[in-house]
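If you scroll down you'll find the structure; I have some questions about it.
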Amino acid sequence: MRIKSVMGKPRCFGSATVGPRGQVVIPANARRELGINTGDTILVFKALMGQQGLLLLKADTVEHMLSMMSEHLTTLEKLVKEHKPKAAKAEKGD
């Protein structure tokens, strides 16, 4: 899998100004395209790799990502167990 296919094409939806109470309005075209609706929970993360910025993700999206990661880790764990050298298994008493 290529990183480019996972990351998608960069997209700018416009700009927003932080109000006096720290609030930011998500542009309407971004909400429409990303399926963000009134009442949705948005998680706010610090930007990755020490950059100054915020990462906003729908809570449902984070849940889905974690579920997929968990499934992949379970599959990977099974593969590792199946392909461990027999000597390593004998050392552990298997």
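Applying a 10 Å radius around every beta-carbon, put 74-82, 24-32 in order of their mean neighbour count, most first.
24-32, 74-82
Could you give the C-alpha radius of gyration of the stretch 3-92 expressed as a fraction of 2.2 N^0.38 Å, taking N as the number of residues it contains?
Cα Rg divided by the expected 2.2 N^0.38 Å: 1.66.
Follow-up. Return the sequence-ordered ³J(HN,Hα) values of the stretch 30-45 in whole Hz as given by the Karplus equation 6.51 cos²θ - 1.76 cosθ + 1.60 applied to θ = phi - 60°, using x for Gly and Pro.
Each residue's phi maps through the Karplus curve to give 5, 4, 5, 5, 9, x, 8, 10, 3, x, 5, 8, 10, 8, 10, 10 Hz.
Residue-wise, which Karplus ³J(HN,Hα) couplings in Hz belong to the stretch 48-58, taking 6.51 cos²θ - 1.76 cosθ + 1.60, θ = phi - 60°, and x for glycine or proline?
Residue by residue, the stretch 48-58 yields 6, 6, x, 6, 7, x, 10, 10, 10, 9, 5 Hz.
No lab work stands behind these numbers, since they all come straight from the coordinates. These numbers come from a predicted model, not from an experiment. Ideal geometry is used to build each Cβ from the backbone, glycine not excepted, and the neighbour counts take in all protein chains shown.
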